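The values are calculated or read from the model by the stated rules, or taken from the named source; none is laboratory data. Predicted model, so just to flag it, every value in this text is computed and none were measured. We place every Cβ from the backbone using ideal geometry, glycine too, and count neighbours over all the protein chains shown. The area values use the complete protein model at the heavy-atom level, side chains included, leaving out ligands, DNA and RNA. Shrake-Rupley method; radii C 1.70, N 1.55, O 1.52, S 1.80 Å.
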Amino acid sequence: MTTESPLSTARSQLRGAIDQLGLPENAWHTLSTPRRILQVAVPLRRDNGDIEMYNGYRVQYSTTRGPSKGGVRYHPDVDLDETIALAMLMTWKCALTNLPYGGAKGGIAVDPATLSDRENERLTRRYTSEILPIIGPERDIPAPDVGTDERNMAWMMDTYSVNAGFSVPGVVTGKPIVLGGSLGRTSATGDGVAIATREALRVRGINIEGATVAIQGFGKVGYWAAVALENMGMKVVAISDVNGGVKGFPSVAKLWEHFQLHQNLDFPGADRLTNEELLHLDVDVLIPAALADSISEKTGLGIKAKIVVEGANGPTTPSGDAILRDKGILVVPDILANSGGVIVSYFEWVQDKQNYFWSAEEVKGNLSSIMMKAFKEVEETAAKKLVTWRESALMIGVGRVAEAHRLRGLYP
Ligand code: NAD
């Protein structure tokens, strides 16, 4: 039996990129080691007066190309290894898109659905104060991820600012607009996933109008991707969340309306399906936009989609990846496909630094040009080096970080 985890996947991807780039073994030593790891105990006073302890993490994987940058996840499965893996992916993603950042990730092992709003706020503020010494607009800039949203970012920004004695909007991204957030940030990751999907269809010679798409995950990434894909003329035929999937709904907007009202996908007249059945639908594009490891040795064989666009971080294990490659399925890797979120986070940080805010059109236009440039580089490198798009994207991202290490030298 293979034991695959987000960290083993991320490490084997790095190993592959280093070997394909022909970098010396010293590069493996420097690039496979996170720069800074902070594990914190986060005490929470529940509304009933009970005190509970949670484990929190912040991993600054790299600061070689700039301050570290990455989301904060609230999920029961959060642990140190997963946080390191996600921080590593952020590092290659920021380098691939040429943002002046390193990579980071953080989180708390907690199910946010078990917290009242006031408990969530207290937990977020305490976590922020525990990691406060190592974050800041010039050091490390958190953002939302699974289980967190703009409310958490507002509480993080406020906690940091109260301690600084003045407002520091640039300490986090993904904030509400009135606190220095950017137009277009909420939908940015999904918008980017849709751009990647459109371009992959073009490369495969499939008509965008009417192309069929199945999406695993109906959260911040899955929902906004679905909206953008429909706007581009594609047909979103199935969507799932943690409780399973649905197909045969009239439109994403109608399904979302139902979901908001009832918090479930039991759309009247539509068919329910399991998450595995959704992965195995005969569609043009499959978009995993939930958690890691959903396309594995077990689920990979049944995949019939022509293209997989990775909305989630690390949704494909190495054995799942090998199956997709053998089947000739084009995989747009996570560090390219879901980079729209960190790209617009970068715009938010730039706007906060300048106290000058852009129009929605400017944000969308700049997002599109950065993504298209990265997309083209990945496509061209894959063709030139005869590697998969994942290998190509990693070679570009890892190669840039390795080059930055080389030029900076080793202190002392
Ligand atoms: P979210 O919490 O908003 O949504 C997650 C969705 O996945 C929910 O619909 C949830 O029900 C579903 N889900 C959870 N477990 C599942 C399971 N076992 N099977 C099927 N569905 C399941 O999170 P998000 O922000 O949309 O993030 C989703 C993925 O995208 C994560 O891997 C995240 O790291 C990645 N990502 C997010 C952003 C961002 O800007 N939010 C940016 C880049 C990458």
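Odds and ends about this structure:
- With each label modelled as a point 7 angstrom along the Cα→C-beta vector, the residue 208-residue 263 pair spans 3.8 nm.
- Note on the chain: with a GNM built from Cα contacts shorter than 10 Å, the maximum mean-square fluctuation among 359, 296, 368 falls on 359.
- Qualifying trypsin sites (Lys or Arg not before Pro) in the range 307-412, where qualification requires a DSSP coil assignment and no more than 15 other C-beta atoms within 10 Å, comprise 327.
- Eigenvalues of the alpha-carbon gyration tensor of the range 217-258, scaled by 5 and square-rooted, set the equivalent ellipsoid semi-axes at 15, 12, 9 angstrom, largest first.
- Checked against a 32 Å cut-off, the cross-linked pairs 254/376; 247/373; 235/373 give Cα-Cα distances beyond that limit for 254/376; 247/373.
- Pairwise centroid distance, computed over Cα atoms, of the range 257-290 with the range 219-251, Å: 7
- Looking at the chain, the accessible area is 42 square angstrom per residue; that uses a 1.4 Å probe and ignores ligands, DNA and RNA.
- Under a Gaussian network description of the chain, with springs only between Cα atoms under 10 Å, the residue in 308, 203, 363 that fluctuates furthest is 203.
- Across all directions, the average projected area of the convex hull around the alpha carbons of the range 16-98 is 6.9 nm².
- For chymotrypsin sites (Phe, Trp or Tyr not before Pro), the sites in the range 131-170 that DSSP calls loop and that have at most 15 other Cβ atoms within 10 Å are 166.
- Shown is the FRET efficiency for residue 350 and residue 271, computed with R0 = 45 Å from the Cβ-Cβ distance and rounded to the nearest 0.05: 0.50.
- Modelled this way, with points 7 Å down the Cα-to-C-beta line, the labels at residue 410 and residue 12 are 2.9 nm from one another.
- Residue 256 versus residue 369: modelled label distance in nm, points set 7 Å from Cα along the beta carbon direction: 2.8
- Stretchable slack from residue 55 to residue 77, in nm (0.36 nm times residue separation minus alpha-carbon distance): 6.8 nm
- The dipole here belongs to the chain: it is taken about the Cα centre, uses +1 on the Cβ of Lys and Arg and -1 on the Cβ of Asp and Glu, and is about 1060 debye.
- Gain on full stretching of the segment that runs from residue 138 to residue 151 - 0.36 nm per residue minus C-alpha separation: 2.4 nm
- Hull-based mean projected area of the chain, where the convex hull spans the alpha carbons, in square nanometres: 20.6
- In the elastic network of the chain, a GNM with C-alpha springs shorter than 10 Å, the most mobile of 37, 396, 287 is 37.
- For the pair residue 297 and residue 177 in one chain, pulling the backbone fully straight at 0.36 nm per residue adds 39.0 nm over the alpha carbon distance.
- Residue 151 contributes an accessible area of around 90 Å² to the protein surface, as traced by a 1.4 Å probe with all chains present.
- All-pairs alpha carbon distance profile, the range 188-337, 10 Å steps from 0, percent: 13, 48, 34, 6, 0
- With eigenvalues of the C-alpha gyration tensor scaled by 5 and rooted, the range 34-170, Å: 25, 17, 12
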